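In what follows, a single structure is set out as C-alpha cells and then discussed.
Please treat every number below as a calculation from the coordinates, not as lab data. Here the structure is a predicted model, which means the values were calculated and not measured. Note: ideal-geometry Cβ built from the backbone for every residue, glycine included; neighbour counts use all protein chains shown.
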Amino acid sequence: MTIVSTDLISEILDLKRQRNAVILAHNYQISPIQEVADYVGDSLGLSRKAAETGADVIAFCGVHFMGETAKILNPSKTVVIPDMDAGCSLSDSCPPEKLAAFLEEHAEKNYYVIAYINCSAGVKALADVIVTSGNAVRIVEAAPADRNILFVPDQNLGAWVMERTGRTMDLWRGSCYVHVEFTRDSIHRIKAEHPGAVVVAHPECTHAVRLLADEVCSTEKMVSYCRENPARDFIIVTESGMLHRLRREVTGKNFIPGPTDQCACADCRYMKMNTLEKLRDCLANLEPRIEMPEELRARAERSVRRMLELSE
Ligand code: 13P
Ligand code: SF4
C-alpha cells in the first residue's frame, strides 16, 4: 500500500486553487493521482472535459498525446503535464512523416483516414476523423460508404472494429506494447483459477485474447459494464490502473487483474511516469507545457471536433 503525504496533497490542492486549474487523469494513472483529480476517465471523457473546462490551467495526468488533445481543443488554456517523456508506443508507431509518405504513395486509394486518438497532433492533422475505443464502432459506421478507409495506428483496435461493423479497412501495423503482452495462455490460466469470473478486455488486446473475453470495451465502459453485470468476479484485461477506478466506484465486487506471461498484472511504463511530486511541480512551475504551431493545431482540431460531433 502506498503511503501518501497529506502535506503533498494539500500543496497540490492549494496550487490548484491559486492557478485556477483543473486536474484531469486517465484511468491508468496511479491511485493517488486518481484520488486527487477532478475527473478520472477514458480518452473520450477526458477530451470532452478538456474541451469544456472554464479553468485557466489544465493539468493533464496521462500521456503526451492526451495533453496535446486538450491543447488542440482548448488552445487558450495553459496545458501542463507532469512528465514530458510520458509517451505511447502506439503513437510512436505512426510518425506523421511516414503516414504522409504512405498517403502520397497510395494516392490512387483516396483514403478516408480514421485515426485512433493515441497519435500525435501531426497524425491528427492528416486524419479525416479521430476515434477512441469508446466511439470507434459508431464513427466507422458513419464513414463515407464509397471511400477506402485507412485506420491508424492500432491494428488490434482496427481489427476489432472491422469485426463489429463488417466494414473493411486497411490497417496500420501499430500496437500497444502493454496490451499485446496478454496472451491466450495467460488468460486461460487466470480463468482456470477463477472459474465463473467474467472476462472484460480492452480492444487493444490481440484477437486471440479478445476471443476469450465476455466483453470488449473502452476503459469507461468497463465501469458501467461491471456495475450492471450481476456477476461478482471480473478479470480485467487492461492496464493495472483500471483496477483502482473499478474498486473505488463499483463496490462489493472482486476485480482480478489480467496477467501476462511474466507478471500478475500489466503496467504502462509511460502512464506510470507521472507521480504526485511531478504533478505538484507542474502546477507550481506551469512547466512542462504543451505547445504547438497554431497552423498544426487548427488542422488537427478539425478531425478531433468531427469525432466529438459524431459521438454526441
Ligand atoms: P481508453 O480510451 O479506453 O481509456 O484507452 C486509452 C488507452 O491508452 C488504452 O491503452
Ligand atoms: Fe499507449 Fe499502451 Fe500506454 Fe495506452 S497503455 S498509453 S496505448 S502504451
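Tabulated results
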{"read-out": "Entries in 191/278; 49/278; 124/221; 109/221 that, when Cα-Cα distance is taken, lie over 32 Å", "value": "191/278; 109/221"}
{"read-out": "Average Cα contact separation per residue, the chain, under 8 Å, 6 or more apart, as relative contact order %", "value": "23 percent"}
{"read-out": "For the chain, built as a Gaussian network whose Cα springs stay under 10 Å, the top-fluctuating residue of 18, 29, 155", "value": "18"}
{"read-out": "Cut-off 10 Å between beta-carbons: net charge of the residues surrounding residue 250, Lys and Arg +1, Asp and Glu -1", "value": "+3"}
{"read-out": "Least to most buried among 139, 33 (fewest other Cβ within 10 Å first)", "value": "139, 33"}
{"read-out": "Over the range 1-137, relative contact order from alpha-carbon pairs under 8 Å, at least 6 apart, %", "value": "18 percent"}
{"read-out": "Longest exposed-site-free window of the chain, the sites being trypsin sites (Lys or Arg not before Pro) in a DSSP loop that have at most 13 other C-beta atoms within 10 Å", "value": "1-146"}
{"read-out": "Derived scalar couplings ³J(HN,Hα) [the range 128-133; Karplus, 6.51 cos²θ - 1.76 cosθ + 1.60; whole Hz; x for Gly, Pro]", "value": "7, 8, 9, 9, 10, 5"}
{"read-out": "Global geometry of the range 183-223, whether rounded, prolate or oblate, following the gyration tensor of its Cα atoms and the 1.5 cut on a/c", "value": "oblate"}
{"read-out": "For the range 65-106: rounded, prolate or oblate by the Cα gyration tensor [a/c cutoff 1.5]", "value": "oblate"}
{"read-out": "Most fluctuating residue given options 81, 256, 236, as computed from a GNM of the chain linking Cα atoms under 10 Å", "value": "256"}
{"read-out": "Value of [θ]222 nm, deg cm²/dmol, for the chain, DSSP H segments ≥ 4, -39500 (n - 2.57) each, nearest 500", "value": "-12500 deg cm²/dmol"}
{"read-out": "Most fluctuating residue given options 103, 24, 276, as computed from a GNM of the chain linking Cα atoms under 10 Å", "value": "103"}
{"read-out": "Charged-residue dipole, Cβ positions (Lys, Arg, Asp, Glu), the chain about Cα centre, Debye nearest 20", "value": "520 debye"}
{"read-out": "Calculated FRET efficiency for the pair residue 5/residue 138, C-beta based, R₀ 45 Å, to 0.05", "value": "0.55"}
{"read-out": "All-pairs Cα distance distribution in the chain, expressed in whole percent, bin size 10 Å", "value": "6, 27, 34, 24, 8, 1, 0"}
